[in-house]
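Below: one structure, written as structure tokens.
Every number here is computed from the coordinates shown, using simple stated rules; none is lab data. Owing to the predicted nature of the structure, the values given are computational and were not obtained by experimental measurement. Glycine gets a Cβ as well: all are built from the backbone with ideal geometry, and neighbour counts include every protein chain shown.
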Amino acid sequence: MVEPKKRLYLGTASVMFGLLVAGAFMLHAAAKAAQRENRIVDRIRPVCAHSGFTNEEMHRLVRFTYGAWPTKEEAVQAVVVLCRGNG
């Protein structure tokens, strides 16, 4: 049988490890989302930069448009339409 003090340490260590793993997964997901966003912004930059959009505005457009479309290609096309002023 485990002593109460050791059981407390084991429980605390388990919770801390769980939080560490959850944090690592969250950071990984955020990094993948940022990488995906950067790739799309690189694709739309030639069109949007000529329309006077700033880098921050392009990132915001991609962030808000990406989740609304089923594929990356449709999201890119939607942002390009917005940049050209046809939306």
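Against the condition more than 15 Å from the chain's Cα centre (by Cα) and without any contact (Cβ under 8 Å) to a residue 60 or more places away in the chain, how does V41 come out, does it pass?
Here the answer is no, as V41 does not meet what is asked.
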Among the candidates R7, R60, R43, residue that is basic (K, R) and in contact with a helix residue (DSSP H, G or I) (Cβ under 9 Å, 6 or more places away or on another chain): R43
Residue ranges of helices (runs of 4 or more DSSP H) in the chain with at least 1 members surrounded by 12 or more Cβ atoms within 10 Å (Cβ to Cβ) and in contact with a His (Cβ under 7 Å, 6 or more places away or on another chain): 4-50
